[in-house]
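Single-structure report; data block below.
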């Protein structure tokens with residue numbers, strides 16, 4: 001770190017430290033010439049960690065827009081479509097600032113399918129979305145009258161051509177840009193499958209493209225595990241079902257948790273009383289939601305242990321209060337920051 005400045009800042013809601021860091025980065029790359037090489041290391045979380053609101057949007061207005069998008073159940077693709085169009089650096093605009101320098105971006109993908117323009121909101125990638133795309137997200141979740149007025153005015157002005165679009169495929173600023181995926185959920189799932197095999201389980205990779213409402217996806221996974229235990233389909237025990245991706249939690253209550261803890265809690269309800277069943281859901285970055293846990297474990301006895309403590313799992317799920325539930329039961333997974341982020345991994349196994 002003798003040559004590199006470290007700028008710690010907020011996630012998933014951006015903060016003032018992030019804005020200051022983004023300004024420094026923008027100023028640095030704007031000075032680059034055709035003789036320079038700009039090396040960008042981009043991971044999931046960069047959307048929040050590299051906030052440079054487009055004028056006249058303020059940090060507070062961007063924070064409120066981000067909170068609304070995170071709470072309504074929007075996908076990361078939808079959230080980032082909006083983020084790119086209220087930013088001065090995302091959606092290929094960092095590449096535009098760096099031109100005519102050579103730009104090499106190494107990306108750790110935390111997005112389903114590894115789309116370059118969505119990972120970290122694509123600061124060095126041509127943007128496939130438009131102002132109209134962003135506005136359609138706002139309409140889909142009925143946020144027109146809830147987002148800050150200045151955000152709404154910018155998106156509307158962009159749709160009417162009053163503001164320049166983010167740079168699109170084929171534009172000159174991308175002629176000397178290379179975007180390379182160096183880590184992904186698929187690589188993580190492949191590693192999990194190898195480890196499961198070494199431990200005596202038959203690994204069955206269900207998908208690395210999992211998305212949808214967390215509790216529904218968890219129930220489906222639990223059903224697959226119960227079928228394997230009951231009938232040996234689609235694979236006979238000992239088996240380890242593995243999937244990856246990024247599900248979505250629609251906030252219904254005022255609890256504390258994250259999508260992985262909610263996944264485990266939904267599995268606990270679905271697997272109640274099923275002997276020999278265990279499920280794990282964890283975020284590969286070591287952080288799940290605004291908590292100190294990466295995820296949680298659940299098995300056929302989780303609810304029995306919870307009832308002995310006077311806990312109601314169904315009520316906790318309804319309140320989105322998975323963290324306090326698993327903290328009391330003792331089945332939170334705390335790894336600390338892992339130094340990477342390639343979405344989530346779900347493991348369901350039985351001997």
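I'd like to verify a number: residues in the range 247-301 that are farther than 16 Å from residue 12 by Cβ, modelled with pLDDT of 95 or more and within 21 Å of the chain's Cα centre (by Cα), how many?
The total comes to 13.
Sort out which residues of the range 320-337 are outside any helix (DSSP H, G or I) and surrounded by fewer than 18 Cβ atoms within 10 Å (Cβ to Cβ), and write them in order of number.
Keep residues of the range 320-337 that are outside any helix (DSSP H, G or I), which gives 320-321, 330-337.
Listed by number, the residues that qualify are 330, 334, 335, 336, 337.
May I ask you to verify whether residue 178 is touching a residue at least 24 places away in the same chain (Cβ under 8 Å), surrounded by fewer than 17 Cβ atoms within 10 Å (Cβ to Cβ) and over 30 Å from residue 270 (Cβ atoms)?
On the way: touching a residue at least 24 places away in the same chain (Cβ under 8 Å): yes; surrounded by fewer than 17 Cβ atoms within 10 Å (Cβ to Cβ): yes; over 30 Å from residue 270 (Cβ atoms): yes.
For residue 178, the condition - touching a residue at least 24 places away in the same chain (Cβ under 8 Å), surrounded by fewer than 17 Cβ atoms within 10 Å (Cβ to Cβ) and over 30 Å from residue 270 (Cβ atoms) - is met.
Count, please, the residues in the range 16-55 that happen to be modelled with pLDDT under 95 and over 24 Å from residue 181 (Cβ atoms).
Adding up the residues that qualify gives 1.
Restricting to the range 263-283, and then to whatever is in contact with a strand residue (DSSP E or B) (Cβ under 6 Å, 6 or more places away or on another chain) and not in a strand (DSSP E or B), can you tell me which residue is surrounded by the fewest Cβ atoms within 10 Å (Cβ to Cβ)?
Going through the range 263-283, the residues in contact with a strand residue (DSSP E or B) (Cβ under 6 Å, 6 or more places away or on another chain) turn out to be 263-264, 267-268, 276-283.
Going one step further and asking which of them are not in a strand (DSSP E or B), we end up with 263-264, 267-268, 276-277.
On the way: 263: 32, 264: 30, 267: 29, 268: 30, 276: 14, 277: 24.
Among them, the one singled out is 276.
Can you pull out every residue in the range 120-139 that is surrounded by 22 or more Cβ atoms within 10 Å (Cβ to Cβ) and free of Cβ contacts under 8 Å to residues at least 60 places away in the same chain? So that I can check it myself, show each step before the final result.
Narrowing the range 120-139 to residues surrounded by 22 or more Cβ atoms within 10 Å (Cβ to Cβ): 120-125, 127, 129, 131, 134, 137-138.
Within the range 120-139, 122, 125, 127, 129, 131, 134, 138 qualify.
For residue 324, state whether it is more than 22 Å from residue 225 (Cβ to Cβ), at pLDDT 95 or above and out of contact with any helix residue (DSSP H, G or I) (no Cβ under 9 Å at 6 or more places or on another chain). Give the steps one after another, and end with the answer.
Details: more than 22 Å from residue 225 (Cβ to Cβ): yes; at pLDDT 95 or above: yes; out of contact with any helix residue (DSSP H, G or I) (no Cβ under 9 Å at 6 or more places or on another chain): no.
Against the criterion (more than 22 Å from residue 225 (Cβ to Cβ), at pLDDT 95 or above and out of contact with any helix residue (DSSP H, G or I) (no Cβ under 9 Å at 6 or more places or on another chain)), residue 324 does not qualify.
Here are the criteria: (1) surrounded by fewer than 21 Cβ atoms within 10 Å (Cβ to Cβ); (2) part of a loop (DSSP other than H, G, I, E, B). Tell me which single one residue 116 does not satisfy.
(1)
Is there a residue being surrounded by fewer than 22 Cβ atoms within 10 Å (Cβ to Cβ), at pLDDT 95 or above, closer than 25 Å to residue 158 by Cβ and in contact with a helix residue (DSSP H, G or I) (Cβ under 6 Å, 6 or more places away or on another chain) anywhere in the range 82-90? Before you say what the answer is, go through the steps one by one.
At the first step, the residues of the range 82-90 found to be surrounded by fewer than 22 Cβ atoms within 10 Å (Cβ to Cβ) are 88.
In the following step, the residues that additionally are at pLDDT 95 or above were identified as 88.
Now narrow it down to the ones that are closer than 25 Å to residue 158 by Cβ: 88.
Then keep just the ones that are in contact with a helix residue (DSSP H, G or I) (Cβ under 6 Å, 6 or more places away or on another chain); that gives none.
No, because not a single residue in the range 82-90 is surrounded by fewer than 22 Cβ atoms within 10 Å (Cβ to Cβ), at pLDDT 95 or above, closer than 25 Å to residue 158 by Cβ and in contact with a helix residue (DSSP H, G or I) (Cβ under 6 Å, 6 or more places away or on another chain).
Please go through the range 287-301 and give me each residue that is touching a strand residue (DSSP E or B) at 6+ places or on another chain (Cβ under 9 Å) and either farther than 28 Å from residue 183 by Cβ or part of a loop (DSSP other than H, G, I, E, B) (or both), ordered by number. Break it down into steps so the answer makes sense when it comes.
First pass over the range 287-301, keeping only residues touching a strand residue (DSSP E or B) at 6+ places or on another chain (Cβ under 9 Å): 288-289, 291-300.
Result: 288, 289, 291, 292, 293, 294, 299, 300.
Can you name the residue in the range 18-71 that is free of Cβ contacts under 8 Å to residues at least 60 places away in the same chain and touching a strand residue (DSSP E or B) at 6+ places or on another chain (Cβ under 8 Å) and, of all such residues, is nearest to residue 340 (Cα to Cα)?
51
The values are calculated or read from the model by the stated rules, or taken from the named source; none is laboratory data. What you see is a predicted model, and the numbers here were worked out from it, not measured in a lab. Positions of Cβ are generated from backbone atoms using ideal geometry, with glycine treated the same way; all protein chains shown enter the neighbour counts.
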